Amino acid sequence: MAKLRNKENTGKGKFILLGAILIVLVVVISIQSAYLISINDRLNILSADLDDAKEELGMEIASGKQDLEGKISGLSSELSDVETELGKEIVSLKAETSADFSGIIEDVVDSVVTIQTDAGQGSGFILTSDGYVITNAHVFAGATYANAILSDQRSKPMTLIGYDIPLDIALLKIEGNYDSLPIGNSDDVQIGEKVIAIGNPLGLSFSVSEGIVSAVNREGSNGLPYYIQTDTALNPGNSGGPLINTDGEVIGINNFKIAGGENLGFSLESNYIEDSVNEISLERLDEIIL
């Protein structure tokens, strides 16, 4: 009996041991499964984070590239402006130091016109790209028609817009698109600075004469102190042409010379030109063109 009981106890012990082992295995497997699931979850999270990081980095790179391209474009534009301004300064400096206006003349001559009428000839210049032209009003004394002769010798019929008799200004129009002359600030004109006059003296179209500013705010025959005095040669036919500084800007419109005097020419200051033209255009066209 004792042996039989011992065998039964031994069998029960083995069964219990096996059960325990199975339980342990189940627990271990469950832990491993849970651990593996946790790792997969972490991997998925890390993968999602990596994708987000890559997307954010891509957006930052794209933004940085766009910003860089914008800065490069801005710098290119600034460089172009600097080059243009430097070119103007070089031409101006050249004119100031060597009295060589050739570069300026090349730039402005296409904006100067010869005015032919049935009563005589004069000069003028283009104020705006759409063909508004200014000259002296006395150029049209006794005339019934007028044509503008361009630098390429084309003839354009002129339409009269209006007059300013006290300042001896006439505003006209030719059809087409043109290079125009910039108007400078005559308040900045200095005595002694170099200037040129371009016009049609004695029928010699597009002639250029050079001189210096002798005085400013001189009184004209109208009693108004609106004139620049120069020693630039002015002859019949120069009337209405531009007086140009070393920056290629119009600082006056050549108006008259003192009879019997040498190198005593007078030009209406550019600030009064601008005021007069705008008054005429406002009255006649209901707009300001300068």
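Determine, yes or no, whether S221 is under 31 Å from the mean Cα position of the chain (by Cα) and either hydroxyl-bearing (S, T, Y) or modelled with pLDDT under 85 (or both).
no
So for the range 144-151 (the condition being β-branched (V, I, T) and modelled with pLDDT of 90 or more), does at least one residue qualify?
yes
Hey, V109 hits all of (1) aliphatic (A, V, I, L, M); (2) touching a Gly at 6+ places or on another chain (Cβ under 9 Å); (3) at pLDDT below 95 but one; which does it fall short on?
All conditions pass for V109, except number (2).
Limited to the range 152-190, what total is found for residues that are at negative phi and surrounded by fewer than 16 Cβ atoms within 10 Å (Cβ to Cβ)?
16
What are the residues in the range 171-187 that are touching a Ser or Thr at 6+ places or on another chain (Cβ under 6 Å), part of a strand (DSSP E or B) and in contact (Cβ under 8 Å) with a residue 60 or more places away in the chain, if any?
Selection gives I183 alone.
Among the residues of the range 191-198, are any surrounded by fewer than 16 Cβ atoms within 10 Å (Cβ to Cβ) and not assigned by TED's automatic domain parsing to the domain that holds V277?
Scanning the range 191-198 turns up no residue that is surrounded by fewer than 16 Cβ atoms within 10 Å (Cβ to Cβ) and not assigned by TED's automatic domain parsing to the domain that holds V277.
Given the options G252, G260, G248, name the one that is assigned to a loop (DSSP other than H, G, I, E, B) and modelled with pLDDT of 90 or more.
Within the list G252, G260, G248, the selection yields G248.
Go through (1) closer than 17 Å to I196 by Cα; (2) hydrophobic (A, V, I, L, M, F, W, C); (3) at pLDDT 90 or above; (4) surrounded by fewer than 23 Cβ atoms within 10 Å (Cβ to Cβ) one by one and return the number of the condition A137 breaks.
(1)
Mind listing just one residue for me: the one in the range 227-245 that is assigned to a loop (DSSP other than H, G, I, E, B) and buried (at least 24 other Cβ atoms within 10 Å of the Cβ) and, of those, nearest to the chain's Cα centre (by Cα)? Steps first, answer last, please.
If we filter the range 227-245 for residues that are assigned to a loop (DSSP other than H, G, I, E, B), which is where we start, we get 231-241, 245.
Going one step further and asking which of them are buried (at least 24 other Cβ atoms within 10 Å of the Cβ), we end up with 232, 234, 238-241, 245.
Values: T232: 32, L234: 34, N238: 32, S239: 32, G240: 28, G241: 26, N245: 21 Å.
So, considering only residues that are assigned to a loop (DSSP other than H, G, I, E, B) and buried (at least 24 other Cβ atoms within 10 Å of the Cβ), the one nearest to the chain's Cα centre (by Cα) is N245.
If a residue has to be farther than 11 Å from F266 by Cα and in a loop (DSSP other than H, G, I, E, B) to count, how many in the range 203-224 make the cut?
6
Do any residues in the range 188-207 that are basic (K, R) have Cβ atoms under 9 Å from those of residues that are not in a loop (DSSP other than H, G, I, E, B), where the two are at least six apart or on different chains, and which pairs are they?
K194/A95; K194/E96; K194/E210; K194/G211; K194/I212; K194/V213
The values are calculated or read from the model by the stated rules, or taken from the named source; none is laboratory data. Predicted model only: the values in this text are computed from it and were never measured. We place every Cβ from the backbone using ideal geometry, glycine too, and count neighbours over all the protein chains shown.
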